[in-house]
Amino acid sequence: MSKYKLIIFDMDGTLYKFDGSGSNNAIFNTMFYDEVTQNVVKFLSNKLFVSLQDAKKIREDIFERYKGDISIGLEKEFGLERELYFTNTWNIYAAKYCNEDVLLQKMLLNILTKKVVLTNAPQVWAKNALRMLGIADQFERIYSGEGDIRKPQKEAYLQICEAFGIKPDEVMIVEDEPQYLKPAKELGMTTVLISSSNLLSNESYVDYTLKNIYDLVKIVREK
């Protein structure tokens, strides 16, 4: 029987792998994000009536000044609604980057603890990816990145605890980006890093390091 009342899962790089998983901001260096970037440039060109070259410059400027939070920057600078932005840029065919994972499905089914997804990606991509993996029905809720509250803000973690009426020390969080485990650990959560490297295994904010998500069930069942 698990001692945890809730498990928070990151999605990209955790529930499925991509190049660079296990390091901070890994998603920015993937083919997936390259496609998102191309979509953003086309979106800006169409909405702002500028050339693709100028749209690319605008996107790069916003990315730098808002530290990767392009949707927030575009809303503040140009009045472009975030929902419109995400629908046009992140609604990507998931089969290009992940596949149905029967082993993952079985592993999650064997964990009876309530589960949620906490991702900085938008709802539209989260739903596409989870459906493709075949695990969309395994989670109580998806906490996505459209709003102002997102990882690594502590409020992003606390809002989940409040919604389920539990304490942080009753929660396990599973992540592939170390930077998002630090605030969770400071709140008292049990932290699991998914990484092929053991370089961070001795860090105080990492309780467990797993090379793949499939071994998680062993930790959850510890007493």
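A short reminder: the numbers here are calculations on the coordinates, not readings from a lab. Computed from a predicted structure; not experimentally measured. In this analysis, Cβ positions are derived from the backbone assuming ideal geometry, glycine residues included, and neighbour counts consider all displayed protein chains.
Please give the per residue volume of the convex hull enclosing the alpha carbon atoms of the range 91-211, rounded to a whole number of Å³.
111 Å³
Whole angstrom only: what separates the Cα centroid of the range 105-150 from the Cα centroid of the range 53-87?
Here the answer is 25 Å between Cα centres.
LYS56: which lysines have alpha carbons under 29 Å from its alpha carbon, excluding same-chain residues fewer than 8 sequence positions away?
LYS56 reaches LYS17, LYS42, LYS47, LYS67, LYS76, LYS96, LYS127, LYS151.
Could you put SER196, SER204, SER71 in order, starting from the residue whose Cβ has the fewest other Cβ atoms within 10 Å?
By the 10 Å Cβ count, ascending, the order reads SER204, SER196, SER71.
Once the other residues with Cβ under 13 Å from the Cβ of PHE164 are scored (Lys, Arg +1; Asp, Glu -1), what is the net sum?
Once all neighbours under 13 Å are counted, the net charge is +2.
Which whole number in µm²/s is D for the range 93-135 by Stokes-Einstein, with the Kirkwood Rh taken over Cα pairs at 4 °C and 1.567 mPa s?
Working: Rh = 11.2 Å.
In µm²/s, the coefficient rounds to 116.
Can you give the calculated 222 nm mean residue ellipticity of the chain, where each DSSP H run of n ≥ 4 adds -39,500 (n - 2.57) and the sum is split over every residue, rounded to the nearest 500 deg cm²/dmol? Don't skip to the answer; put the middle values down first.
On the way: 9 runs with 90 residues, N = 223.
My calculation for the chain gives -12000 deg cm²/dmol from helical runs alone.
Quick one: work out Rg over Rh on the C-alpha atoms of the chain, Rh as Kirkwood radius.
0.98
Exposure proxy check: VAL102, VAL116, VAL171 ranked by fewest other beta carbons within 10 Å?
Starting with the residue having the fewest Cβ neighbours, the order is VAL102, VAL116, VAL171.
Under the classification rounded if a/c is under 1.5, otherwise prolate if a/b is larger than b/c and oblate if not, where does the range 27-89 fall, given a ≥ b ≥ c as square roots of the Cα gyration tensor eigenvalues?
Because its axes are fairly even, with a/c under 1.5, the range 27-89 counts as rounded.
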